[in-house]
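Asker: Input: one structure, supplied below.
The values are calculated or read from the model by the stated rules, or taken from the named source; none is laboratory data. As the structure is a prediction and not an experimental result, all values here were calculated from the model. Ideal geometry is used to build each Cβ from the backbone, glycine not excepted, and the neighbour counts take in all protein chains shown. These area figures cover heavy atoms from the full protein model, side chains too; ligands, DNA and RNA do not enter into them. Shrake-Rupley method; radii C 1.70, N 1.55, O 1.52, S 1.80 Å.
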Amino acid sequence: MYYTKVLILASIFTFQWSFSHAQKGAIQWISFGRLEDSLEVKPKKVFIDFYTDWCSYCKKMDRKVFTKAEVIEKINKEFYAVRMDAETQDSIRFDGQVFINRQSSKRRAGIHDLALLLGNREGQFAPPTMLILNPEFELLDRRFEYLYSEKLLDWLKEF
């Protein structure tokens, strides 16, 4: 009985320790739904990453940039980080409005209205697209390119 209790306690401790270390080792991406609630509790700037499944630069940023300790620390400490597949079929509530993917058809995924609104570059959307918003959802800046970790950190330091 004693060994069972010790084993259970050790398992709980190991799970909690590995969970907390995993939390420190990754960007804490949240949904748009959680964003507004989080901002009410603690205002912070917002970092938004729009990606698509077919974007090779988006995948490269996932592997090479968003895994760097300095990037993770900077984003988690100073921003709420939101990721969105720009081709999602989900309805998304943001800033008191509901956005959908009106471009979607049976043959083509299409770009979601929210990605088009926030990530628009001369009438077009091209991933990767990253934005910085203030807590009131006012656009501070956008980038429409692959950013190496140093370049991303330099950009984030501007805010």
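Asker: With the condition being in contact with a helix residue (DSSP H, G or I) (Cβ under 9 Å, 6 or more places away or on another chain), under 23 Å from THR129 (Cα atoms) and at pLDDT 95 or above, I'd like the helices (runs of 4 or more DSSP H) fully within region 1-119 carrying at least 3 qualifying residues.
Answerer: Helices (runs of 4 or more DSSP H) meeting the threshold: 69-78.
Asker: For region 51-101, give me each residue that is on the phi > 0 side of the Ramachandran plot and open to solvent by 60 Å² or more (accessible area, probe 1.4 Å).
Answerer: ASP95
Asker: Across region 120-137, what is the number of residues that are more than 16 Å from VAL71 (Cβ to Cβ), in a loop (DSSP other than H, G, I, E, B) and under 17 Å from the mean Cα position of the chain (by Cα)?
Answerer: Counting residues in region 120-137 that are more than 16 Å from VAL71 (Cβ to Cβ), in a loop (DSSP other than H, G, I, E, B) and under 17 Å from the mean Cα position of the chain (by Cα) gives 5.
Asker: Considering (1) touching a residue at least 12 places away in the same chain (Cβ under 8 Å); (2) open to solvent by less than 70 Å² (accessible area, probe 1.4 Å), say which one GLY123 fails and leave the rest.
Answerer: (1)
Asker: With the requirement that a residue be touching a residue at least 60 places away in the same chain (Cβ under 8 Å) and among the basic types (Lys, Arg), what does region 45-102 give you?
Answerer: The answer is LYS45, LYS60, LYS64, LYS68, LYS74, ARG93.
Asker: Could you say which residue among LEU140, LEU147, LEU152, LEU156 is touching a residue at least 40 places away in the same chain (Cβ under 8 Å), more than 20 Å from ILE92 (Cβ to Cβ) and in contact with a Pro (Cβ under 9 Å, 6 or more places away or on another chain)?
Answerer: Result: LEU147 is the single residue among LEU140, LEU147, LEU152, LEU156 that is touching a residue at least 40 places away in the same chain (Cβ under 8 Å), more than 20 Å from ILE92 (Cβ to Cβ) and in contact with a Pro (Cβ under 9 Å, 6 or more places away or on another chain).
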